[in-house]
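This report refers to the structure that appears directly beneath it.
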């Protein structure tokens, strides 16, 4: 066979028959079929966005990043470029990608989840952003995606009061004299949520410990082996028993900002189950303590204790040096690591060392990144090329019906057609 071509043969039992699905580099991705679990990690170069299609067609968007174009580093070699080009804004590229692969003729997002309130995860206010025709808010990140694709249920870490660890709206009023871009970003988001709820969108805070808040919407009875556990919300972390959660953070003193958890450490986290397949994703949750950090800033360790081994894990905080700690690596032991990267800090050198170390867990593991910047490759050196199977592109994890096998498919992010670049697998799920 010509080495320029790869063939993905998905052999699976379906209704007693044998189904063969072939995907070839350069060709279009075969569409989602009922029974598949598709986990798309979308690359725009401007932050995180992941689009999931569950076995019955229920859809979930996790984050919709769009960074501030006026940030001094956005157009420097420290950051990735907007892909595939600047003909559209990041939120428009995210929406276009979803429309291309959504199974419905008229796409709707059953769920949209914002892990935390940083621009590379939910969008940044900037003066030139387009405005919605109604609602009085600007289109950036999630507000832009929702303008193009209706959202039925929005989940974040604070609705409706946004009072953890302190009243965020009151705090924004107090810092309002500075009229900061972050204040305007949050106020823009609040207007979007208020308008959406008034017009039929549901909204809620993610409930740590629950395995029923995010659920199949169409054929749940057909897929009893599928579920999503809410691992963490703000400082609440699942105990590993029933749906109970315990508060990991001490009470915050409203008058002492240094006693508050930072935004990253309040990120939401999820654990997906599909048969024997397990997948972890956790926003920007940190696990490494720097000088002066309180011990409770490490949230990866208590989460890892109740997560256990997984097949696929996304890198917390994009693989930044304050995340993906030793305990998490040796506990989760993923066969596949996925980095939703956009910076020369992704991954940190020491993070990469931990991920590939055979001393932390045995056996092979494959690493994938949406972007690997040249600056990072220069600093870390040949270890990058030795460790990564793919360094550029959209990353799709396609889990076959029943959850026993899965593939990693890299899609071209340099063109609007998103053709297949390479295919990896089949991988066997943990208990297969």
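Data for the structure
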{"read-out": "Residue 293-residue 148 pseudo-label distance in nm [points 7 Å out on the Cα-to-Cβ vector]", "value": "3.5"}
{"read-out": "With 10 Å bins from 0: P(r) over segment 86-173, alpha-carbon pairs, percent", "value": "15, 44, 33, 8, 1"}
{"read-out": "Mean separation of Cα contacts under 8 Å (6+ apart) over length of the chain, as relative contact order %", "value": "16"}
{"read-out": "Relative contact order of segment 199-358, pairs being alpha-carbon contacts under 8 Å that are 6 or more residues apart, as %", "value": "17"}
{"read-out": "Simple spin-label estimate for residue 360 and residue 106 in nanometres, 7 Å along Cα-Cβ", "value": "4.7"}
{"read-out": "Residue of 136, 282, 47 that the Gaussian network model of the chain assigns the largest fluctuation, springs spanning Cα pairs under 10 Å", "value": "136"}
{"read-out": "Antiparallel bridges, percent of DSSP beta bridges restricted to the chain (to nearest 5)", "value": "70"}
{"read-out": "Of 239, 180, 205, the one that fluctuates the most in a GNM where the chain has Cα springs shorter than 10 Å", "value": "180"}
{"read-out": "Förster-model FRET efficiency, 35 Å R0, residue 34 and residue 305, C-beta, rounded to 0.05", "value": "0.50"}
{"read-out": "Segment 143-166-segment 21-53 distance, computed between alpha-carbon centres (Å)", "value": "24"}
{"read-out": "Fluctuation leader among 383, 303, 186 - the chain, Gaussian network, Cα springs under 10 angstrom", "value": "383"}
{"read-out": "Relative contact order %, segment 309-427, counting alpha carbon pairs below 8 Å whose residues are six or more apart", "value": "18"}
{"read-out": "Ordering of 208-215, 88-95, 242-249 by burial proxy (mean other Cβ atoms within 10 Å per residue, highest first)", "value": "88-95, 208-215, 242-249"}
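Values quoted throughout were computed directly from the atomic coordinates according to the rules given, and no laboratory measurement underlies them. Quantities reported herein were computed from a predicted structural model and do not represent experimental measurements. Positions of Cβ are backbone-derived with ideal geometry, glycine not excepted, and every protein chain shown enters the neighbour counts.
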